[in-house]
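Reviewing the structure listed below.
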Amino acid sequence: MKKLLALTAFAALTLSANVSAQEGKAIYDKACQVCHSMGIAGAPKAHDAAAWEPRIAQGLDTLVSTVKTGKGAMPPGGMCTDCTDEDYKNAIEFMSK
């Protein structure tokens with residue numbers, strides 16, 4: 001019984017570690033940089049504060065919603081198949097500064 005309890009606790013800790021938000025730079029590097037580094041298909045370039053300013057003014061929740069549904073050449077979810085809303089927010093914040 002103690003082994004089962006220990007395994008259950010370990011599994012719970014492992015699962016909770018996997019749902020933590022990823023860092024913005026890590027998301028950008030794996031999923032966003034392909035388009036946002038060069039502004040492909042109208043994507044705002046990373047770290048171009050002026051390009052991001054009107055987008056940021058809409059609010060992060062609106063931007064996350066846009067990423068999740070897709071826009072223009074960006075498919076739903078962008079290029080990140082395992083991102084949470086928090087991951088998208090982190091990536092947007094990283095790119096917009």
Consider LYS68 carefully, then state whether it is of a type in the set (Lys, Arg), open to solvent by 50 Å² or more (accessible area, probe 1.4 Å) and within 12 Å of the chain's Cα centre (by Cα). yes
For ARG55, all conditions in the list (1) in contact with a Pro (Cβ under 9 Å, 6 or more places away or on another chain); (2) modelled with pLDDT under 95 hold save one; what is the number of the exception? (2)
Top-ranked residue of region 71-82 - restricted to ones that are surrounded by 12 or more Cβ atoms within 10 Å (Cβ to Cβ) and within 12 Å of the chain's Cα centre (by Cα), ranked as nearest to PRO44 (Cα to Cα): GLY78
So which residues in region 31-64 are open to solvent by 60 Å² or more (accessible area, probe 1.4 Å), among the small types (Gly, Ala, Ser) and without any contact (Cβ under 8 Å) to a residue 12 or more places away in the chain, if there are any at all? ALA50, ALA57
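The values are calculated or read from the model by the stated rules, or taken from the named source; none is laboratory data. Please read these numbers as outputs of a predicted model, since none were measured by experiment. Ideal geometry is used to build each Cβ from the backbone, glycine not excepted, and the neighbour counts take in all protein chains shown. Each accessible area value is taken on the protein alone, full model and side chains, heavy atoms only, with ligands, DNA and RNA left out. Shrake-Rupley method; radii C 1.70, N 1.55, O 1.52, S 1.80 Å.
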